[in-house]
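See below for the structure under consideration.
The values are calculated or read from the model by the stated rules, or taken from the named source; none is laboratory data. As the structure is a prediction and not an experimental result, all values here were calculated from the model. A quick note on method: Cβ atoms are made from the backbone with ideal geometry, for glycine too, and the neighbour counts reach across all protein chains shown.
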Amino acid sequence: MATNFHSNSQLPSDISTPITRTAKPNSEFYSIFSEQEVLGIINTLEVRREIPLKYSYKGRGAKIWDNFYLKYIIPKWYRTSSVEIDLLSTNFEYINGNIQKCEKVNIIDVGSGNSYPVKKFIYKLNKLQKINKYIALDISEELLNVSRKNFSKWFPLIEFKSQTIDIENSCIPQDLLNDHNNNTANIILHLGVTIGNHHHRNKVLKNFRDSMKKNDFLVFTNETGSNSQWDGSIRGGCKYHAEEIYAWIKNKIGIRSEDCELVRKYDSQTDSIVANMKLHHNYTINFCSQGINKNLEIFKGEEITIWRHHKYKIPELLQEIEQAGLKLVHYSTDKYLSRIMVICEVASN
Ligand SMILES: C[S@@+](CC[C@H](N)C(=O)[O-])C[C@H]1O[C@@H](n2cnc3c(N)ncnc32)[C@H](O)[C@@H]1O
(Lines give C-alpha, C1' and ligand atoms only; values in the text may rest on other atoms or scores of the structure.)
Protein backbone atom coordinates (compact mmCIF):
# COMPACT_ATOMS: atom_id res chain seq x y z
CA MET A 1 0.00 0.00 0.00
CA ALA A 2 1.33 3.42 -0.89
CA THR A 3 2.04 5.66 2.07
CA ASN A 4 0.99 9.28 2.02
CA PHE A 5 2.84 11.82 4.09
CA HIS A 6 0.62 14.74 4.89
CA SER A 7 2.43 18.02 5.12
CA ASN A 8 1.93 18.30 8.88
CA SER A 9 3.74 15.01 9.29
CA GLN A 10 7.45 14.59 9.58
CA LEU A 11 9.43 11.92 7.85
CA PRO A 12 10.00 8.93 10.10
CA SER A 13 12.79 10.01 12.41
CA ASP A 14 14.19 6.47 12.69
CA ILE A 15 13.52 4.50 9.54
CA SER A 16 15.62 1.61 10.78
CA THR A 17 13.21 0.91 13.70
CA PRO A 18 11.52 -2.27 12.60
CA ILE A 19 8.91 -2.47 15.36
CA THR A 20 5.46 -1.70 14.13
CA ARG A 21 2.55 -1.94 16.50
CA THR A 22 -0.90 -2.88 15.38
CA ALA A 23 -3.96 -0.94 16.48
CA LYS A 24 -7.41 -2.42 16.02
CA PRO A 25 -10.38 -0.09 16.39
CA ASN A 26 -12.67 -1.57 19.04
CA SER A 27 -16.26 -2.78 18.68
CA GLU A 28 -17.55 0.58 20.00
CA PHE A 29 -15.87 2.24 17.02
CA TYR A 30 -17.77 0.07 14.54
CA SER A 31 -21.03 0.47 16.41
CA ILE A 32 -20.82 4.28 16.31
CA PHE A 33 -19.85 4.74 12.69
CA SER A 34 -21.68 3.55 9.60
CA GLU A 35 -19.69 1.71 6.95
CA GLN A 36 -19.67 4.88 4.86
CA GLU A 37 -18.30 6.87 7.80
CA VAL A 38 -15.60 4.27 8.50
CA LEU A 39 -14.57 4.53 4.84
CA GLY A 40 -14.62 8.32 5.20
CA ILE A 41 -12.31 8.13 8.22
CA ILE A 42 -9.93 5.74 6.43
CA ASN A 43 -9.85 8.09 3.45
CA THR A 44 -9.12 11.27 5.45
CA LEU A 45 -6.48 9.41 7.45
CA GLU A 46 -4.84 8.23 4.25
CA VAL A 47 -5.07 11.46 2.30
CA ARG A 48 -4.59 14.14 4.92
CA ARG A 49 -3.80 12.34 8.19
CA GLU A 50 -6.97 13.55 9.85
CA ILE A 51 -9.93 12.15 11.74
CA PRO A 52 -12.41 14.96 11.07
CA LEU A 53 -13.67 16.57 14.24
CA LYS A 54 -17.29 16.09 13.13
CA TYR A 55 -17.02 12.35 13.85
CA SER A 56 -15.93 13.02 17.42
CA TYR A 57 -19.40 14.22 18.42
CA LYS A 58 -20.87 10.77 17.89
CA GLY A 59 -21.25 8.01 20.47
CA ARG A 60 -19.58 9.01 23.74
CA GLY A 61 -18.34 12.11 21.93
CA ALA A 62 -21.81 13.58 22.52
CA LYS A 63 -21.35 13.34 26.27
CA ILE A 64 -17.86 14.83 25.93
CA TRP A 65 -19.32 17.87 24.12
CA ASP A 66 -22.29 18.25 26.48
CA ASN A 67 -20.01 18.04 29.55
CA PHE A 68 -17.54 20.50 28.02
CA TYR A 69 -20.39 22.93 27.25
CA LEU A 70 -21.97 22.67 30.70
CA LYS A 71 -18.62 23.04 32.43
CA TYR A 72 -16.91 25.74 30.39
CA ILE A 73 -19.42 27.61 28.24
CA ILE A 74 -22.82 27.92 29.85
CA PRO A 75 -23.33 31.06 31.94
CA LYS A 76 -22.79 30.47 35.67
CA TRP A 77 -22.86 32.77 38.68
CA TYR A 78 -19.13 33.47 38.24
CA ARG A 79 -19.38 33.70 34.41
CA THR A 80 -22.55 35.53 33.73
CA SER A 81 -22.61 35.45 29.96
CA SER A 82 -21.76 33.37 26.93
CA VAL A 83 -20.49 35.00 23.74
CA GLU A 84 -22.89 33.07 21.53
CA ILE A 85 -25.95 33.84 23.66
CA ASP A 86 -24.91 37.50 23.88
CA LEU A 87 -24.43 37.75 20.12
CA LEU A 88 -27.88 36.24 19.51
CA SER A 89 -29.31 38.82 21.92
CA THR A 90 -27.48 41.68 20.22
CA ASN A 91 -28.83 40.58 16.85
CA PHE A 92 -32.35 39.80 18.03
CA GLU A 93 -33.75 43.17 17.04
CA TYR A 94 -32.30 42.94 13.55
CA ILE A 95 -33.60 39.43 12.98
CA ASN A 96 -37.02 40.08 14.47
CA GLY A 97 -37.35 43.36 12.60
CA ASN A 98 -36.68 41.65 9.31
CA ILE A 99 -39.03 38.71 9.66
CA GLN A 100 -42.07 40.90 10.07
CA LYS A 101 -43.14 40.23 6.46
CA CYS A 102 -43.61 36.62 7.49
CA GLU A 103 -46.25 35.40 9.86
CA LYS A 104 -44.03 32.76 11.51
CA VAL A 105 -40.51 31.34 11.43
CA ASN A 106 -38.98 27.89 11.57
CA ILE A 107 -35.72 27.80 13.51
CA ILE A 108 -33.35 25.30 11.92
CA ASP A 109 -30.39 24.74 14.21
CA VAL A 110 -27.68 22.99 12.21
CA GLY A 111 -25.08 21.45 14.51
CA SER A 112 -27.51 22.03 17.37
CA GLY A 113 -25.33 20.40 20.04
CA ASN A 114 -27.34 20.48 23.27
CA SER A 115 -29.42 23.48 22.03
CA TYR A 116 -28.49 25.67 25.02
CA PRO A 117 -27.29 28.66 22.96
CA VAL A 118 -30.73 29.11 21.35
CA LYS A 119 -32.85 28.84 24.50
CA LYS A 120 -33.14 32.56 25.24
CA PHE A 121 -33.51 33.48 21.56
CA ILE A 122 -36.40 31.03 21.09
CA TYR A 123 -37.99 32.19 24.32
CA LYS A 124 -38.08 35.79 23.06
CA LEU A 125 -39.42 34.88 19.61
CA ASN A 126 -41.97 32.56 21.16
CA LYS A 127 -43.26 35.34 23.40
CA LEU A 128 -43.95 37.26 20.20
CA GLN A 129 -45.76 34.15 18.89
CA LYS A 130 -43.38 33.95 15.96
CA ILE A 131 -42.19 30.34 16.22
CA ASN A 132 -43.71 27.73 13.95
CA LYS A 133 -41.29 24.92 14.85
CA TYR A 134 -37.71 24.19 15.93
CA ILE A 135 -35.69 21.75 13.85
CA ALA A 136 -32.46 20.36 15.31
CA LEU A 137 -30.04 18.89 12.76
CA ASP A 138 -26.77 17.30 13.73
CA ILE A 139 -24.32 14.66 12.60
CA SER A 140 -24.62 13.14 16.07
CA GLU A 141 -27.79 11.22 16.89
CA GLU A 142 -26.76 11.20 20.53
CA LEU A 143 -26.57 15.02 20.64
CA LEU A 144 -29.98 15.21 18.94
CA ASN A 145 -31.32 13.14 21.85
CA VAL A 146 -29.79 15.62 24.31
CA SER A 147 -31.25 18.50 22.31
CA ARG A 148 -34.73 16.90 22.23
CA LYS A 149 -34.69 16.30 25.97
CA ASN A 150 -33.61 19.87 26.75
CA PHE A 151 -35.89 21.54 24.24
CA SER A 152 -39.03 19.62 25.18
CA LYS A 153 -38.42 20.50 28.81
CA TRP A 154 -37.95 24.21 28.05
CA PHE A 155 -40.65 24.53 25.39
CA PRO A 156 -43.18 21.70 25.69
CA LEU A 157 -45.62 23.49 23.40
CA ILE A 158 -43.29 24.18 20.47
CA GLU A 159 -43.07 21.50 17.81
CA PHE A 160 -39.62 19.87 17.83
CA LYS A 161 -38.22 17.97 14.88
CA SER A 162 -34.78 16.47 14.44
CA GLN A 163 -32.74 14.57 11.90
CA THR A 164 -29.15 13.48 11.48
CA ILE A 165 -27.33 15.24 8.66
CA ASP A 166 -23.75 15.88 7.58
CA ILE A 167 -23.95 19.47 6.36
CA GLU A 168 -20.60 19.08 4.59
CA ASN A 169 -22.24 16.51 2.31
CA SER A 170 -25.90 17.45 2.04
CA CYS A 171 -28.44 20.25 2.06
CA ILE A 172 -31.16 20.65 4.66
CA PRO A 173 -33.88 18.11 3.83
CA GLN A 174 -36.66 20.08 2.17
CA ASP A 175 -39.44 17.91 3.55
CA LEU A 176 -38.55 19.25 7.00
CA LEU A 177 -38.92 22.82 5.80
CA ASN A 178 -41.99 22.67 3.60
CA ASP A 179 -44.97 24.05 5.35
CA HIS A 180 -48.40 24.45 3.91
CA ASN A 181 -48.17 28.03 5.00
CA ASN A 182 -45.97 29.88 2.51
CA ASN A 183 -45.76 32.77 4.86
CA THR A 184 -43.17 31.06 7.06
CA ALA A 185 -39.50 32.04 6.82
CA ASN A 186 -36.59 29.86 7.87
CA ILE A 187 -33.87 31.06 10.19
CA ILE A 188 -30.93 28.70 9.82
CA LEU A 189 -28.48 28.81 12.71
CA HIS A 190 -24.94 27.43 12.62
CA LEU A 191 -23.53 28.43 15.99
CA GLY A 192 -20.60 27.58 18.23
CA VAL A 193 -17.95 28.69 15.69
CA THR A 194 -18.58 25.38 13.94
CA ILE A 195 -17.99 26.79 10.45
CA GLY A 196 -14.31 27.15 11.41
CA ASN A 197 -14.06 23.41 12.19
CA HIS A 198 -15.10 22.12 8.77
CA HIS A 199 -12.60 21.01 6.16
CA HIS A 200 -14.94 22.02 3.31
CA ARG A 201 -16.27 25.37 4.53
CA ASN A 202 -17.18 26.33 0.96
CA LYS A 203 -19.33 23.20 0.57
CA VAL A 204 -21.10 23.88 3.86
CA LEU A 205 -21.92 27.46 2.87
CA LYS A 206 -23.08 26.27 -0.57
CA ASN A 207 -25.30 23.63 1.04
CA PHE A 208 -26.83 26.30 3.24
CA ARG A 209 -27.38 28.54 0.25
CA ASP A 210 -29.03 25.73 -1.72
CA SER A 211 -31.37 25.06 1.20
CA MET A 212 -32.57 28.68 1.37
CA LYS A 213 -35.25 30.76 -0.32
CA LYS A 214 -36.12 34.44 -0.35
CA ASN A 215 -36.81 35.82 3.16
CA ASP A 216 -34.70 33.10 4.84
CA PHE A 217 -31.69 33.96 6.98
CA LEU A 218 -28.48 32.09 7.68
CA VAL A 219 -26.93 33.10 11.01
CA PHE A 220 -23.50 31.78 11.94
CA THR A 221 -20.64 32.60 14.28
CA ASN A 222 -16.90 32.28 14.01
CA GLU A 223 -13.69 33.60 15.46
CA THR A 224 -11.98 36.41 13.61
CA GLY A 225 -8.31 37.21 13.29
CA SER A 226 -5.09 35.78 12.00
CA ASN A 227 -4.43 32.08 12.57
CA SER A 228 -0.74 32.33 11.80
CA GLN A 229 -0.25 34.94 14.54
CA TRP A 230 -1.57 32.58 17.20
CA ASP A 231 0.15 33.32 20.52
CA GLY A 232 0.38 29.64 21.42
CA SER A 233 -1.98 29.81 24.38
CA ILE A 234 -4.12 26.73 24.57
CA ARG A 235 -7.59 27.66 25.75
CA GLY A 236 -11.27 26.74 25.44
CA GLY A 237 -12.10 23.97 22.97
CA CYS A 238 -8.50 23.70 21.82
CA LYS A 239 -7.58 22.75 25.39
CA TYR A 240 -10.45 20.92 27.08
CA HIS A 241 -12.46 19.57 24.15
CA ALA A 242 -9.37 18.45 22.22
CA GLU A 243 -7.95 16.77 25.36
CA GLU A 244 -11.09 14.68 25.86
CA ILE A 245 -11.36 13.76 22.20
CA TYR A 246 -7.70 12.73 22.17
CA ALA A 247 -8.25 10.32 25.08
CA TRP A 248 -11.38 8.90 23.47
CA ILE A 249 -9.83 8.43 20.01
CA LYS A 250 -6.74 6.69 21.42
CA ASN A 251 -9.01 4.28 23.21
CA LYS A 252 -11.36 3.68 20.27
CA ILE A 253 -8.61 3.16 17.71
CA GLY A 254 -6.34 1.22 20.06
CA ILE A 255 -3.23 3.39 20.21
CA ARG A 256 -1.34 3.13 23.52
CA SER A 257 -1.05 6.31 25.59
CA GLU A 258 2.73 5.92 25.91
CA ASP A 259 3.05 5.76 22.11
CA CYS A 260 1.66 9.20 21.32
CA GLU A 261 1.30 12.78 22.53
CA LEU A 262 -1.12 15.63 21.94
CA VAL A 263 0.39 18.57 20.05
CA ARG A 264 -1.32 21.91 19.36
CA LYS A 265 0.08 24.13 16.66
CA TYR A 266 -0.53 26.38 13.68
CA ASP A 267 -0.94 24.38 10.47
CA SER A 268 0.01 26.47 7.43
CA GLN A 269 -1.57 23.99 4.96
CA THR A 270 -5.05 24.68 6.30
CA ASP A 271 -4.26 28.05 7.90
CA SER A 272 -5.80 26.70 11.11
CA ILE A 273 -4.94 25.93 14.71
CA VAL A 274 -4.89 22.16 15.06
CA ALA A 275 -4.64 19.54 17.80
CA ASN A 276 -2.69 16.56 16.53
CA MET A 277 -1.99 13.10 17.84
CA LYS A 278 1.75 12.63 17.29
CA LEU A 279 2.95 9.03 17.13
CA HIS A 280 6.16 7.87 18.83
CA HIS A 281 5.98 4.44 17.22
CA ASN A 282 5.26 2.99 13.81
CA TYR A 283 1.67 1.81 13.78
CA THR A 284 -0.48 -0.26 11.48
CA ILE A 285 -4.14 0.53 12.01
CA ASN A 286 -6.19 -2.48 11.03
CA PHE A 287 -9.74 -1.57 10.06
CA CYS A 288 -11.73 -4.76 9.90
CA SER A 289 -15.49 -4.99 9.92
CA GLN A 290 -18.15 -6.44 7.62
CA GLY A 291 -17.07 -5.35 4.12
CA ILE A 292 -13.90 -3.48 5.17
CA ASN A 293 -10.42 -4.89 5.63
CA LYS A 294 -7.77 -2.23 5.40
CA ASN A 295 -4.32 -1.75 6.90
CA LEU A 296 -3.10 1.79 7.23
CA GLU A 297 0.55 2.51 8.05
CA ILE A 298 1.33 5.55 10.16
CA PHE A 299 4.98 6.13 10.93
CA LYS A 300 6.76 7.28 14.05
CA GLY A 301 6.83 11.08 14.05
CA GLU A 302 3.70 11.47 11.94
CA GLU A 303 0.73 13.44 13.26
CA ILE A 304 -3.00 12.85 12.95
CA THR A 305 -5.20 15.93 13.19
CA ILE A 306 -8.14 15.35 15.54
CA TRP A 307 -9.32 18.94 16.17
CA ARG A 308 -9.01 22.10 14.15
CA HIS A 309 -10.27 25.64 13.94
CA HIS A 310 -9.90 28.30 11.27
CA LYS A 311 -10.37 31.96 12.18
CA TYR A 312 -11.61 34.28 9.45
CA LYS A 313 -10.07 37.51 8.33
CA ILE A 314 -12.98 39.73 7.28
CA PRO A 315 -12.11 39.98 3.52
CA GLU A 316 -11.78 36.18 3.37
CA LEU A 317 -15.11 35.75 5.16
CA LEU A 318 -16.82 38.08 2.69
CA GLN A 319 -15.25 36.23 -0.23
CA GLU A 320 -16.40 32.80 1.00
CA ILE A 321 -19.93 34.12 1.59
CA GLU A 322 -20.06 35.63 -1.89
CA GLN A 323 -18.61 32.54 -3.57
CA ALA A 324 -21.37 30.45 -2.01
CA GLY A 325 -24.06 32.70 -3.54
CA LEU A 326 -24.92 34.36 -0.26
CA LYS A 327 -25.12 38.03 0.68
CA LEU A 328 -24.03 39.48 4.01
CA VAL A 329 -26.87 41.61 5.37
CA HIS A 330 -25.76 42.24 8.94
CA TYR A 331 -23.03 41.37 11.40
CA SER A 332 -21.78 42.20 14.86
CA THR A 333 -18.77 41.31 16.97
CA ASP A 334 -18.16 40.80 20.66
CA LYS A 335 -16.41 43.51 22.67
CA TYR A 336 -12.97 42.00 22.03
CA LEU A 337 -13.59 41.88 18.25
CA SER A 338 -12.62 38.22 18.37
CA ARG A 339 -15.99 36.62 17.69
CA ILE A 340 -18.40 37.54 14.90
CA MET A 341 -22.05 36.76 14.23
CA VAL A 342 -22.88 36.95 10.56
CA ILE A 343 -26.36 37.15 9.02
CA CYS A 344 -26.76 36.27 5.34
CA GLU A 345 -29.52 35.88 2.84
CA VAL A 346 -29.57 34.39 -0.63
CA ALA A 347 -27.84 36.69 -3.12
CA SER A 348 -30.18 37.73 -5.90
CA ASN A 349 -29.61 35.48 -8.94
C1 LIG B 1 -18.90 23.20 18.27
S2 LIG B 1 -20.38 22.28 18.48
C3 LIG B 1 -21.59 23.60 18.57
C4 LIG B 1 -22.90 23.17 19.15
C5 LIG B 1 -23.93 24.28 19.34
N6 LIG B 1 -24.33 24.86 18.08
C7 LIG B 1 -23.35 25.35 20.23
O8 LIG B 1 -23.16 26.48 19.77
O9 LIG B 1 -23.11 25.06 21.39
C10 LIG B 1 -20.60 21.64 16.85
C11 LIG B 1 -21.90 20.90 16.64
O12 LIG B 1 -22.07 20.68 15.24
C13 LIG B 1 -22.23 19.30 14.96
N14 LIG B 1 -21.54 19.05 13.68
C15 LIG B 1 -20.21 19.12 13.43
N16 LIG B 1 -19.96 18.89 12.13
C17 LIG B 1 -21.16 18.66 11.55
C18 LIG B 1 -21.56 18.36 10.23
N19 LIG B 1 -20.67 18.23 9.25
N20 LIG B 1 -22.87 18.20 9.98
C21 LIG B 1 -23.80 18.32 10.97
N22 LIG B 1 -23.48 18.60 12.25
C23 LIG B 1 -22.18 18.77 12.54
C24 LIG B 1 -21.61 18.58 16.13
O25 LIG B 1 -22.13 17.30 16.32
C26 LIG B 1 -21.93 19.53 17.28
O27 LIG B 1 -23.20 19.29 17.81
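Can you find, within region 50-76, the residue that is surrounded by the fewest Cβ atoms within 10 Å (Cβ to Cβ) among those that are within 8 Å of the ligand (Cβ to nearest atom) and over 19 Å from F33 (Cβ atoms)?
Residue satisfying both the conditions and the ranking: Y69.
Regarding region 107-119, can at least one residue be identified that is more than 13 Å from I187 (Cβ to Cβ) and more than 13 Å from the ligand (Cβ to nearest atom)?
Looking for residues that are more than 13 Å from I187 (Cβ to Cβ) and more than 13 Å from the ligand (Cβ to nearest atom), one finds none in region 107-119, hence no.
Which one of these does T164 not meet: (1) more than 15 Å from the ligand (Cβ to nearest atom); (2) closer than 16 Å to K54 by Cβ?
Only one criterion is unmet by T164, namely (1).
Which one of the conditions (1) of a type outside the set (D, E); (2) more than 23 Å from T44 (Cβ to Cβ); (3) buried (at least 17 other Cβ atoms within 10 Å of the Cβ); (4) touching a helix residue (DSSP H, G or I) at 6+ places or on another chain (Cβ under 8 Å) does G236 fail to meet, given that it meets all the rest?
(3)
Which of the residues spanning region 90-116 are out of contact with any His (no Cβ under 7 Å at 6 or more places or on another chain) and either outside the structural domain of G196 (by TED's automatic domain parsing) or among the hydrophobic types (A, V, I, L, M, F, W, C) (or both)?
Result: F92, I95, I99, C102, V105, I107, I108.
From I64, I108, I131, grab the single residue that is more than 24 Å from I245 (Cα to Cα), in contact (Cβ under 8 Å) with a residue 40 or more places away in the chain and in contact with a Phe, Trp or Tyr (Cβ under 9 Å, 6 or more places away or on another chain).
Testing whether each residue is more than 24 Å from I245 (Cα to Cα), in contact (Cβ under 8 Å) with a residue 40 or more places away in the chain and in contact with a Phe, Trp or Tyr (Cβ under 9 Å, 6 or more places away or on another chain) leaves just I108.
Which of the residues that make up region 92-133 are outside any helix (DSSP H, G or I) and closer than 23 Å to K206 by Cα?
I99, V105, N106, I107, I108, D109, V110, G111, S112, G113, listed by residue number.
Just give me the residues in region 274-327 being closer than 24 Å to I234 by Cβ, of a type in the set (D, E, K, R) and part of a strand (DSSP E or B), in sequence order.
K278, E303, R308 - these are the residues of region 274-327 that are closer than 24 Å to I234 by Cβ, of a type in the set (D, E, K, R) and part of a strand (DSSP E or B).
Quickly run through region 33-61 and pick out the residues that are aliphatic (A, V, I, L, M) and in contact with a strand residue (DSSP E or B) (Cβ under 9 Å, 6 or more places away or on another chain).
Once the filter is applied, which keeps residues that are aliphatic (A, V, I, L, M) and in contact with a strand residue (DSSP E or B) (Cβ under 9 Å, 6 or more places away or on another chain), region 33-61 yields V38, L39, I41, I42, L45, I51, L53.
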